[in-house]
Amino acid sequence: MQQTVSWIGKAMARREDARLLKGAGRFVDDHQPEGCLFLEFLRSPYAAGRITDLDVSEAAVAEGVIAVLTAADFAGLGQAAVNALLPGAEVHPLEPLASGRVKAVGQAIAAVIAETREAARDAVELIAFDIAEEPLAIRRVLRHRWQSGVPQTGREISVQLDHALVAPMALEPRATVALPEGAGLRVHLSTQTPQRCRTDLAAILGLAPSAIRVLTQDVGGAFGGKASLMPEDAVVALAALRLGRPVKWTAARSEEFQAATQGRGGETRAVLTLDHQGVPVALSAELRFPLGHWMPYSALAPLRNAGRILPGPYAIEAVDIEAQAHLTPGAAVNIYRGAGRPEAAMLMERLIDKAAQAQGLDPLEMRRRALYRGAFPRATPTGEAICSGDFAALLDRLEREADYAGLRARQAERRAKGAVCGLGLALYIEPCGQGWESAELRLEADGTFTALTGSSAQGQGRETAFAQIVAEIMGVTPDRVRVVQGDTEAVPEGIGALASRSTAIGGTAMARATRRMLDQLGPRNDWSGIGPVSVRERYEAPGEAWASGAVLAEVAICPDTGHLTVEGITWVDDAGRVLNPMLVQGQLIGGLAQGLGAATMERMAYADGQLLTGSLMDYAVPRASDMPPVRLISQPLPSTANEMGFKGVGEAGCIGVPAALLNAVQDALLPFDAPDLSLPLTPEKLWRAMTGLEP
Ligand code: SMO
């Protein structure tokens with residue numbers, strides 16, 4: 001009979017790591033097909049202008065050059081899709097190469113394909129072009145309003161908060177290798193969405209989706225930055241198709257700064273109305289998000305997420321939230337770890353802190369009064385349904401585990417001695433993806449299982465986690481399960497890995513396929529010799545799984561230099577039923593590092609459309625030494641949105657942590673009567689706040 005060992009919930013070591021730690025991972029740039037050509041881009045040095053001359057004749061005859069592509073080569077071809085997530089959105093899909101006008105610095109204008117990378121780079125310098133500069137323009141493409149409940153009058157608390165643009169900064173830059181195969185193409189991509197990329201490439205090139213095989217093996221980080229087909233991918237694919245030879249492009253880090261997608265950048269304002277007992281009852285807000293100069297598939301997701309989750313875990317019933325998205329003269333802005341949730345959490349958590357301050361209440365007590373404590377699913381005033389959660393319990397646990405009262409007492413003592421120190425609280429909710437995902441389970445003749453999933457992998461430990469699901473249900477050890485993902489030939493249908501959806505939706509799909517096979521074959525000890533059996537599942541999630549959590553940040557600011565020290569993070573997280581606690585911890589800590597970066601140092605800066613932060617000399621990312629002491633406390637409550645009870649966890653660190661950090665910094669600066677600060681909280685900004693200078 002079945003073993004009773006439980007694999008779900010076990011902190012199994014990642015089976016990926018032996019390969020990755022030994023340098024045996026296989027990334028796109030590791031592919032070096034026989035006869036491969038190299039592609040390099042000419043990129044615009046101007047943020048806006050009309051291309052009045054483009055002469056590639058000298059480049060085309062340079063030594064080693066095989067071809068030069070321009071926008072003319074894409075004339076009559078098709079377009080990539082943009083997900084018009086909100087009604088009335090005007091969409092502006094990718095242009096593989098600038099046609100007629102340039103709209104941002106770094107936009108690709110032409111591509112040189114040569115026998116070597118060096119020859120391609122040299123020939124890019126031989127392209128002659130003239131651009132008549134034009135004024136920078138901003139264009140609104142979407143206005144959306146969430147409005148419900150009866151507007152209230154009462155004491156009003158307002159906050160204004162701007163987010164810097166940030167770089168997703170995967171360790172592995174983007175890369176594309178395309179090889180002619182039959183009448184179509186094989187394309188190696190470093191992507192989160194292999195099937196989406198296949199569909200978009202097919203549309204652009206005028207091929208049937210089945211003529212393109214997208215392969216994604218190891219991906220060195222993505223964070224939303226690899227969730228859409230990129231212009232460069234289309235150019236490489238067209239080059240391979242036209243030339244009948246393999247073509248490769250690997251982004252230099254500087255190209256990633258110029259032309260990869262960015263995140264955040266929103267300008268947000270909100271007003272919270274308190275009733276006569278000081279409890280928040282109504283919320284109005286304005287969210288203005290930049291899109292850059294074109295729209296990747298999920299470009300509107302951050303704005304939609306920010307609006308729909310803005311009331312957070314609070315019992316607010318009246319909302320009036322206006323959201324606007326604008327095309328701006330810079331790199332495309334897309335989803336980035338959190339994708340609108342960080343902006344929402346931070347705005348709301350600042351409002352709650354300021355509401356506390358206005359009433360002379362402790363921020364924790366203020367939250368206690370304002371939290372939603374009713375039944376679940378919770379119908380929110382923005383039209384969402386939160387599956388499960390116990391926000392008050394998260395806050396109680398955080399208060400206890402962090403010894404909140406003790407910390408406040410110590411803060412008062414330190415302040416009395418001249419220290420600038422603060423405590424910041426934040427609660428957050430994390431909706432974890434909508435829609436469907438595919439799974440297929442195959443029983444092989446030797447009694448092992450092959451689990452094929454549309455949830456692709458970028459370092460999350462998918463091969464380990466999904467093997468645990470199958471092992472648990474079939475009563476085998478996980479080493480009997482091989483997980484396959486990231487190949488559109490093996491897995492033709494799938495969404496990929498984004499929006500913290502993989503375990504909740506893809507994992508449930510896999511569990512369902514596995515259960516159906518078990519029902520079909522009956523439980524047994526030995527699965528060998530049965531003959532190949534395959535079960536496919538396309539699981540459509542009935543609603544979203546909503547993770548939540550509560551974070552406390554302790555900070556100190558050097559009064560002389562503004563240097564910020566994060567002295568500790570205590571974090572109670574409800575990630576639903578935990579599949580593998582070690583993987584969850586890795587996700588939470590990784591998200592925390594990126595949240596810390598966005599809160600304290602990261603900023604993509606443009607001046608008059610020119611990129612000022614074009615390298616890691618100018619763009620700060622957190623190092624290991626910047627990581628604070630962290631205490632993670634797991635307080636899981638299973639989701640009711642899927643029968644496995646799973647919720648998501650990938651983005652939580654970017655949602656709750658920055659909000660808690662900002663509150664802690666503003667708390668530290670209370671004696672200085674500092675204004676609302678915006679991100680990132682650089683030493684200069686904090687020093688100015690302490691010296692009473694303009695921020
Ligand atoms: S920002 Mo995520 O990859 O949805």
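The values are calculated or read from the model by the stated rules, or taken from the named source; none is laboratory data. These figures come from a predicted structure and were not determined experimentally. Here the Cβ positions follow ideal geometry from the backbone for every residue, glycine too, while neighbour counts run over all protein chains shown. SASA here: full protein model, heavy atoms, side chains in, ligands and nucleic acids out. Shrake-Rupley method; radii C 1.70, N 1.55, O 1.52, S 1.80 Å.
A few points about this structure:
- Taken over segment 415-466, the criterion of being within 16 Å of the ligand (Cβ to nearest atom) and under 20 Å from Glu16 (Cα atoms) is satisfied by Gly454, Ser455, Ser456, Ala457, Gln458, Gly459, Gln460, Gly461, Arg462.
- Gly338, sole failed condition from (1) open to solvent by 10 Å² or more (accessible area, probe 1.4 Å); (2) on the phi > 0 side of the Ramachandran plot; (3) within 16 Å of the ligand (Cβ to nearest atom): (1)
- If you go through segment 467-496 and keep only what is of a type in the set (Gly, Ala, Ser), more than 16 Å from the ligand (Cβ to nearest atom) and assigned to a loop (DSSP other than H, G, I, E, B), you end up with Gly475, Ala490.
- Neighbours by Cβ (under 6 Å, 6+ apart or cross-chain): first from segment 272-296, assigned by TED's automatic domain parsing to the domain that holds Ala355 and at positive phi; second surrounded by fewer than 24 Cβ atoms within 10 Å (Cβ to Cβ) and modelled with pLDDT of 95 or more: Gly278/Gln359
- The residue of segment 201-242 that is nearest to the ligand (Cβ to nearest atom), among those that are of a type in the set (D, E, K, R) and crowded, with 23+ Cβ neighbours inside 10 Å, is Lys226.
- Here Arg198 fulfils each of the conditions (1) surrounded by 24 or more Cβ atoms within 10 Å (Cβ to Cβ); (2) in contact (Cβ under 8 Å) with a residue 40 or more places away in the chain; (3) within 16 Å of the ligand (Cβ to nearest atom) apart from (3).
Yes/no matrix, rows are residues, columns are (1) open to solvent by 30 Å² or more (accessible area, probe 1.4 Å); (2) among the aliphatic types (A, V, I, L, M); (3) within 30 Å of Ile138 (Cβ to Cβ):
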position	(1), (2), (3)
Asp608	yes, no, yes
Leu611	yes, yes, yes
Gly614	no, no, yes
Pro638	yes, no, no
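- The set of residues in segment 283-299 being within 16 Å of the chain's Cα centre (by Cα) and outside any strand (DSSP E or B) consists of Leu291, Met295, Pro296, Tyr297, Ser298, Ala299.
- In segment 404-444, of all residues being surrounded by fewer than 24 Cβ atoms within 10 Å (Cβ to Cβ) and of a type in the set (Asp, Glu), the one that is nearest to Pro542 (Cα to Cα) corresponds to Glu440.
- Close pairs from segment 388-403: first open to solvent by less than 30 Å² (accessible area, probe 1.4 Å), partner part of a helix (DSSP H, G or I), Cβ under 8 Å, at least 6 apart: Ala392/Arg368; Leu395/Leu364; Leu395/Arg367; Leu395/Arg368; Leu398/Tyr404
- Residue in segment 367-379 that is at pLDDT 95 or above, within 19 Å of Gln434 (Cα to Cα) and either open to solvent by less than 20 Å² (accessible area, probe 1.4 Å) or in contact with a His (Cβ under 7 Å, 6 or more places away or on another chain) (or both) present: yes
- Residue in segment 308-324 that is on the phi > 0 side of the Ramachandran plot and either touching a Ser or Thr at 6+ places or on another chain (Cβ under 6 Å) or open to solvent by 10 Å² or more (accessible area, probe 1.4 Å) (or both) present: yes
- Of the residues making up segment 275-331, those that are farther than 20 Å from Ala499 by Cβ, at pLDDT 95 or above and among the charged types (D, E, K, R) are Asp275, Glu286, Arg288, Asp320, Glu322.
- Residue among Pro311, Pro329, Pro342, Pro302 that alone is assigned to a loop (DSSP other than H, G, I, E, B), closer than 26 Å to Pro377 by Cα and not basic (Lys, Arg): Pro311
Yes/no per residue for (1) among the polar types (S, T, N, Q); (2) touching an Asp or Glu at 6+ places or on another chain (Cβ under 9 Å):
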position: Tyr539; (1), (2): no, yes
position: Ser548; (1), (2): yes, yes
position: Ala553; (1), (2): no, yes
position: Cys558; (1), (2): no, no
position: Leu564; (1), (2): no, no
position: Gly568; (1), (2): no, yes
position: Asp573; (1), (2): no, no
position: Asn580; (1), (2): yes, no
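- Qualifying residue in segment 438-460 (condition: of a type in the set (Val, Ile, Thr), assigned to a loop (DSSP other than H, G, I, E, B) and more than 26 Å from Asp200 (Cα to Cα)): yes
- Within segment 33-54, one or more residues are at positive phi, part of a loop (DSSP other than H, G, I, E, B), of a type in the set (Gly, Ala, Ser) and touching a residue at least 12 places away in the same chain (Cβ under 8 Å).
- One residue alone among Gly278, Gly266, Gly182 is of a type outside the set (Phe, Trp, Tyr), touching a His at 6+ places or on another chain (Cβ under 6 Å) and over 24 Å from Phe41 (Cα atoms), and that residue is Gly266.
- Residue that is assigned to a strand (DSSP E or B), away from the ligand (no atom under 16 Å from the Cβ) and open to solvent by 10 Å² or more (accessible area, probe 1.4 Å), where the choices are Pro180, Pro173: Pro180
- Qualifying residue in segment 183-205 (condition: modelled with pLDDT under 95 and outside the structural domain of Gly590 (by TED's automatic domain parsing)): yes
- Qualifying position, being closer than 20 Å to Ala598 by Cα and either assigned to a strand (DSSP E or B) or over 22 Å from the mean Cα position of the chain (by Cα) (or both), among Arg350, Arg337: Arg350
- Cross-chain or 6+ apart pairs with Cβ under 9 Å, segment 357-371 first and in contact (Cβ under 8 Å) with a residue 40 or more places away in the chain and in a helix (DSSP H, G or I), then surrounded by fewer than 15 Cβ atoms within 10 Å (Cβ to Cβ) and of a type in the set (A, V, I, L, M): Gln357/Leu670
- Scanning segment 261-281 for residues that are among the aliphatic types (A, V, I, L, M) and open to solvent by 10 Å² or more (accessible area, probe 1.4 Å), we see that the one that is nearest to Ser228 (Cα to Cα) is Val271.
- Within the set Arg269, Arg245, the sole residue that is away from the ligand (no atom under 14 Å from the Cβ), out of contact with any Phe, Trp or Tyr (no Cβ under 7 Å at 6 or more places or on another chain) and part of a loop (DSSP other than H, G, I, E, B) turns out to be Arg245.
- All strands (runs of 3 or more DSSP E) inside segment 519-600 with 3 or more residues being of a type in the set (Gly, Ala, Ser) and outside the structural domain of Leu452 (by TED's automatic domain parsing): 546-557
- Candidates in segment 497-548 are the residues that are within 16 Å of the ligand (Cβ to nearest atom) and among the polar types (S, T, N, Q); of these, the one that is surrounded by the fewest Cβ atoms within 10 Å (Cβ to Cβ) is Ser500.
- Residue among Met617, Met627 that alone is under 21 Å from the mean Cα position of the chain (by Cα), at pLDDT 95 or above and in the same structural domain as Asp574 (by TED's automatic domain parsing): Met627
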